[in-house]
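Step one of this worksheet: look at the structure below.
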There are 2 protein chains.
Amino acid sequence: MTQPQTTTITEQASVATLINVFTVEPEHQRELLNVLITASEEVMRHLPGFVSANLHASTDGTRVVNYAQWENAEAFEAMLGNPAAREHMDRAATLAVQFEPHLYVVESVHHQ
Amino acid sequence: MTQPQTTTITEQASVATLINVFTVEPEHQRELLNVLITASEEVMRHLPGFVSANLHASTDGTRVVNYAQWENAEAFEAMLGNPAAREHMDRAATLAVQFEPHLYVVESVHHQ
């Protein structure tokens, strides 16, 4: 990517937000991030209804969070049935101690 | 608030991101959200170094996530010592089954 991408969070957003928290051994954090980066770039972002994936690394080394946005829950669920997406997710799952994906709505946004 | 607020996630962001995942009984999800909304509006957003709080409700009723941004880790840690902030956090803690706060860096952002 030549330019930094920007994701926005707003109260009125109609997106379905997937927050997936991976618990990971610190020695696997980097490899898990690489798997998720590759999955996002090569598969996820080309799927219908994909809006954004935002990968986060905890500073203590024990977590990776994917904060992802889909146009709606159906688009997210359709992704789960995509063989290429599943292949990457299965690889991520083997690197993580556990992972907890949930769909969310943005309830409120607060600024200074 | 008269206007919708917008939070941005970018790779180059210098913010410290706190992602706090609360596990909650579905019958307490609404009350927990209200405690966190009040805390964000009345206390957090007035503290030095606060950037944003973004409250999310899982559609299955079992999680609340606060995706919060601080100017740096020191500002977040100073908040932990603030008595008014602690009072709200203690109330949130009694409503949750568990909560898992971690500090994160934004590793990558992917769009279509």
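Since every read-out is calculated from the coordinates, none of them should be taken as a lab result. All of these numbers come straight from a predicted model, not from anything done at the bench. All Cβ positions, even for glycine, are placed from backbone atoms using ideal geometry, and neighbour counts span all protein chains on display.
Treat every Asp and Glu Cβ in the protein assembly as shown as -1 and every Lys and Arg Cβ as +1, leave all other atoms uncharged, and give the resulting dipole magnitude about the Cα centre to the nearest 20 debye. Don't skip to the end; give the middle numbers.
Numbers: 10 positive and 28 negative charges, 43 e Å.
That gives a dipole near 200 debye.
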Exercise for the section: Once the label point is placed 7 Å from Cα along Cβ, list for A:Asn34 the distances to the corresponding points in the other copies, in nm, shortest first. Expected result: 4.9
Handout entry: Pairwise label distance in nanometres, A:Ala93 with A:Gln112, each label 7 Å out on the Cα-Cβ vector
Key = 4.4 nm
Problem - For A:Asn82, inter-copy label distances in nm, listed shortest first [label point 7 Å out on the Cα-Cβ vector] - result: 4.1
Exercise for the section: Pick out, from B:Asn34, B:Ala93, B:Val21, the residue whose Cα sits farthest towards the positive end of the charge dipole of chain B, with +1 on the Cβ of Lys and Arg and -1 on the Cβ of Asp and Glu. Expected result: B:Asn34
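Only Lys, Arg, Asp and Glu count, each charged at its Cβ (+1, +1, -1, -1), so figure out the dipole size of the stretch A:16-104 about its Cα centre, rounded to 20 debye. Before the final figure, lay out the partial values.
Details: 5 positive and 12 negative charges, 17 e Å.
Dipole of the stretch A:16-104, to the nearest 20 debye: 80 debye.
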Practice task
Hey, could you grab the Kirkwood Rh for the protein assembly as shown? Inverse mean 1/r over distinct alpha carbon pairs, Å, one decimal.
Solution key: 17.7 Å
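Run the numbers on chain A and let me know its relative contact order in percent, using alpha-carbon pairs under 8 Å that are six or more apart. Don't jump to the answer; show the numbers that get you there.
On the way: 175 pairs, mean separation 47.3, N = 112.
In percent, rounded to a whole number, it is 42.
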Handout entry: Copies compared at A:His111 - label distances in nm, ascending, label defined 7 Å from Cα in the Cβ direction
Key = 1.7
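Return an integer: the convex hull volume of the alpha-carbon atoms of chain A, in Å³ per residue. Walk me through the intermediate numbers first.
Numbers: hull volume 13.7 nm³, N = 112.
Spelled out: Cα convex hull of chain A, divided by residues, is 122 Å³.
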Practice task
Take peptide B:56-66, look around each residue's Cβ out to 10 angstrom, count Cβ atoms belonging to other protein chains, and average those counts.
Solution key: 5
